[in-house]
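Working notes for the structure below.
Please treat every number below as a calculation from the coordinates, not as lab data. Only a predicted model underlies this, so the values are computations on that prediction, with no experimental measurement involved.
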Amino acid sequence: MKGKVYIVGAGPGDPELLTLKALRVLGLADVVLHDDLVPPAILERVSTRCFDLQRRQALRAEVTSQAEINSLLVTYAAAGLTVVRLQGGDRWSSGALARRSGCCGKRERTSRLFLA
């Protein structure tokens, strides 16, 4: 079974401003990889069945390279899991979407990329 990778922008940080799709995929997620800009109020929306919420906060953006994050996205999706890359602000900013979509596109048979 193919996994799914969702790229979700947390916007300005107010949980009431998340899209309906973002809320839905946070509730479906098996794994959420997030950056330090995502406030706790939004992280509270993550499914209680999510077994690896940023390795329980141990995987920090300031010490994790983009290559490592991309590798985790692909690895979890290849295992058939639903993965959310949750980042503060707009998911289109700083070319972030292009970097994520590039890593998932290389493994097209094992993962699919969605925007929320």
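Descriptive notes on the structure:
- Here the Karplus curve 6.51 cos²θ - 1.76 cosθ + 1.60, taken at θ = phi - 60°, turns the phi angles of the range 66-71 into couplings of 4, 4, 5, 5, 4, 4 Hz, with x standing for Gly and Pro.
- Extended-chain gain in nm, criterion 0.36 nm per residue less alpha-carbon gap, residue 65 and residue 36: 9.1 nm
- Under 5 Å from the amide H of residue 34 lie the amide H atoms of 54, 86, each residue being 5 or more positions distant or on a separate chain, with H modelled from the backbone and absent for Pro and chain starts.
- Put simply, the amide H of residue 29, placed in the peptide plane, has neighbours under 5 Å in 47, leaving out anything fewer than 5 places away on its chain.
- Cut-off under 5 Å, modelled amide H: who pairs with residue 81 long-range: 3, 4
- Shown in residue order for the range 12-26 are the 3J(HN,Hα) couplings computed by the Karplus curve 6.51 cos²θ - 1.76 cosθ + 1.60 at θ = phi - 60°: x, x, 8, x, 6, 9, 5, 6, 4, 5, 4, 4, 5, 6, 5 Hz (x for Gly and Pro).
- Karplus-derived 3J(HN,Hα) values for the range 39-46, using 6.51 cos²θ - 1.76 cosθ + 1.60 with θ = phi - 60°, are x, x, 4, 7, 5, 5, 7, 6 Hz; glycine and proline are entered as x.
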